[in-house]
Each structure stands twice: as structure tokens, then as C-alpha cells.
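See below for the structure under consideration.
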Amino acid sequence: MKKILKSALFTLVFGISTSIYAQKFGYIDTNELLASMPEKSNAETQIQNYAKELEVQLKTMSAEFDSKVADYQAKSATMTEAIKKTKEKELMDLQERIKEFQSTAQGEIERKEKELLQPMIEKAKKGIEEVAKENKFTYVFDSGVGVLLYKPEGDDIMPLVRKKLNITAPVAPAQGPVGPRK
């Protein structure tokens, strides 16, 4: 009975240790991958152009506000109390609309970023999954978010994913929150 128990225990321990060593781990810096995708510069240009359009609108509204404030200040001495109150209310309403526009514009820029970047993220995710399956990686970690503190040099799958996605021009390595990678 002891022999069978020892044999079973040996088999269990050997099986567990073998399965742990049989796993293949890889890592990739998804920030670097996304930065190297050709679609990235086009998306950034579109986002910048959209932000500039909103900025022009904001500047127009601000100029209108400044003009009305200057007009109010120049004529306030000759205005009746009722006209002053009406003009002050107009100025406060315009100032509130400017603040509301700023808030809405920020949300619109974020929505535009998501709209343009989401297809790139999905493409990168699919490429990573395909490379991981093809090369029998058990786990792939994202080293771009600083989750991985140590990694062996040989398991960076960036070249394989770039090849899968037909990306030829590498970019300078990104520096994460833990400093430059070695």
C-alpha cells in the first residue's frame, strides 16, 4: 500500500512539475505595437484636426464673450438698472455655454479617439492571439503597462506580431512606468 501511495504521489508531483515547465510564456509591449501600426498616424491626424475644429469654435465663442464684456463695461455707466441686469444675465449665460461647450468638446474628442483607435486595438489583439496560438504560448503578458517586472530576452513576440500584421517600420522603444527596458 505504501509503495502504491509513493508511486501515485511521485506521478502526481512529476506530472504537475512537467506541466508547469511545459508552459510557454511570452510578452509584448502593446503600446509600442500600437505606436508602430501605420494606421496610428492617420488616426492621430484625424483626432488633431477634429480638436482644432472644436478649438476654433471655442475661440469664436470666447471672442464673442470678450467683445460683449468690453461693450458692457464701456456702456454700463449710461445703462438703466434693467438693461444692466439683462446684459449681465446674457454674459453669464454665454459664459455658461462656453463652459458647457468645453466639457462637451472634451467628451467628443475622447469619443473620436475611441472610434478611431478601437479598430487598431482589435487588430493588434487578434494578431497577438494568432501569434500566441501559432507559437504555442501559454501566456502572453503586456509589458507596456508595467505589470511584468522581469522577463527573459528570448520571448518577446513583437517581431512575430509585426510580421503577422505586415508592419515593417519599428519605432523607438516605449518607456513604461518602471523606466527603460533592458
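If you go through the stretch 37-63, how many residues are among the hydroxyl-bearing types (Ser, Thr, Tyr) and touching a Lys or Arg at 6+ places or on another chain (Cβ under 7 Å)?
Going through the stretch 37-63 one residue at a time, the tally reaches 1.
Taking the condition of being among the hydrophobic types (A, V, I, L, M, F, W, C) and closer than 26 Å to GLY107 by Cβ, how many residues in the stretch 47-93 meet it?
Selection size over the stretch 47-93: 10.
Every residue in the stretch 130-148 that is in a loop (DSSP other than H, G, I, E, B) and either modelled with pLDDT under 60 or more than 20 Å from the chain's Cα centre (by Cα) (or both), please.
If the condition is that a residue be in a loop (DSSP other than H, G, I, E, B) and either modelled with pLDDT under 60 or more than 20 Å from the chain's Cα centre (by Cα) (or both), then ASN135, LYS136, PHE137, THR138 are the ones that fit.
Tell me, yes or no, whether the stretch 116-123 has at least one residue that is among the acidic types (Asp, Glu) and within 30 Å of ASP156 (Cα to Cα).
yes
Might you let me know whether the stretch 50-67 holds any residue that is touching a residue at least 60 places away in the same chain (Cβ under 8 Å) and touching an Asp or Glu at 6+ places or on another chain (Cβ under 8 Å)?
Yes, the stretch 50-67 contains a residue that is touching a residue at least 60 places away in the same chain (Cβ under 8 Å) and touching an Asp or Glu at 6+ places or on another chain (Cβ under 8 Å).
Look through ALA105, ALA124 and report the one residue that is closer than 30 Å to THR30 by Cβ, without any contact (Cβ under 8 Å) to a residue 60 or more places away in the chain, assigned to a helix (DSSP H, G or I) and touching a Leu at 6+ places or on another chain (Cβ under 6 Å).
Being closer than 30 Å to THR30 by Cβ, without any contact (Cβ under 8 Å) to a residue 60 or more places away in the chain, assigned to a helix (DSSP H, G or I) and touching a Leu at 6+ places or on another chain (Cβ under 6 Å) holds for just one of ALA105, ALA124, which is ALA105.
Go through the stretch 149-175 and count every residue that is modelled with pLDDT of 90 or more, assigned to a loop (DSSP other than H, G, I, E, B) and surrounded by fewer than 17 Cβ atoms within 10 Å (Cβ to Cβ).
Looking only at that region, the number is 1.
The values are calculated or read from the model by the stated rules, or taken from the named source; none is laboratory data. Bear in mind the structure is a predicted one, so any value in this text is a computation, not a measurement. Here the Cβ is made from the backbone with ideal geometry for all residues, glycine too, and neighbour counts use every protein chain on show.
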